[in-house]
Amino acid sequence: MACHDGQSEASSNSIRVAVRCRPFSAREHAEGAARNNVLDISDSTVQVLENTRLPKDYCYDHVFGCSDTQEDVFQAVGMKLLDNALNAYNGCIFAYGQTGSGKSHSMVGDVHSEAERGILPRACSRLFAMLDARREQEPGFEATVLASYLEIYNEKLFDLLAGGASGELQVRSHPQLGAIVANLTECPVQSFDEAHELLDFGAKRRAVGATQMNATSSRSHAVFTLQVRMVVPRPGGCVESQAKMHFVD
């Protein structure tokens, strides 16, 4: 799981890498694999234990074990993204791993369960709470949030929020905005419930298939993007800014 933000600070890198070690699955327990623990985990290091070789240490910015909750992961990985977005810095969280490793669980999880919500629904909920708090603290502050949901399947792009059959989309080069996906649907959202509806609608249209590791494995990559446009009052006028947060599963 990689986290990238546009803000450069002396105390941290703009690109950070976190690893999450999932618990054994029911199938792995049935096969007896759970008897062999090959990992020793600390806050920033994973040690791989092998019977025939010396242990190997791998260091990351964050390491999450089986006991770490969804909220633990969000606080370490997701909150920084939100803070930077409200300061007009773009950011991206990219979940990477083999089939069945828990990418979708970490990124989305069970939206209907408060404890099992992943990074994306937690980010949506906190974002609107933070915007509401800022409106109360700063008279004249305005914010608009737009959401889009893009699927990448077999090297083709599809709009998961388009009504009816969605044709293949194309990446274009914009003179001011850089690389964009032409004709991608962007929906205004004003609350977590509205964002959840879009997320649920798009998730049902994603390509899935059964594997030995996961009966409903995602067979594609998906990019859920939240664009925040803000108007901040200043003496003599106002300042307009915007930021995008990309969540890649």
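Name the residues in the range 49-73 that are surrounded by 13 or more Cβ atoms within 10 Å (Cβ to Cβ) and touching a strand residue (DSSP E or B) at 6+ places or on another chain (Cβ under 8 Å), would you?
Passing the criteria: Leu49, Tyr60, Asp61, His62, Val63, Phe64, Gly65, Asp68, Gln70, Asp72, Val73.
For the range 79-113, how many residues are of a type in the set (Lys, Arg), more than 15 Å from Met245 (Cβ to Cβ) and more than 11 Å from the chain's Cα centre (by Cα)?
Qualifying residue count for the region: 0.
Within the range 1-41, which residues are under 17 Å from Leu82 (Cα atoms), open to solvent by 70 Å² or more (accessible area, probe 1.4 Å) and at pLDDT below 70?
His4, Ser8, Asn13
Out of Ser113, Ser104, report the one residue that is modelled with pLDDT under 95, surrounded by 13 or more Cβ atoms within 10 Å (Cβ to Cβ) and hydroxyl-bearing (Ser, Thr, Tyr).
Step by step, each of Ser113, Ser104 is checked, and only Ser104 is modelled with pLDDT under 95, surrounded by 13 or more Cβ atoms within 10 Å (Cβ to Cβ) and hydroxyl-bearing (Ser, Thr, Tyr).
Out of Arg126, Arg135, which single residue is touching a helix residue (DSSP H, G or I) at 6+ places or on another chain (Cβ under 7 Å), in a helix (DSSP H, G or I) and open to solvent by 70 Å² or more (accessible area, probe 1.4 Å)?
Arg126
Taking Glu116 as the residue in question, decide whether it is closer than 19 Å to Leu199 by Cα and either touching a residue at least 60 places away in the same chain (Cβ under 8 Å) or touching a strand residue (DSSP E or B) at 6+ places or on another chain (Cβ under 9 Å) (or both).
Answer is yes for this residue.
The values are calculated or read from the model by the stated rules, or taken from the named source; none is laboratory data. Everything quoted here is computed from the prediction, not taken from an experiment. Positions of Cβ are generated from backbone atoms using ideal geometry, with glycine treated the same way; all protein chains shown enter the neighbour counts. What goes into the accessible areas is simple: the full protein's heavy atoms, side chains included, and nothing from ligands, DNA or RNA. Shrake-Rupley method; radii C 1.70, N 1.55, O 1.52, S 1.80 Å.
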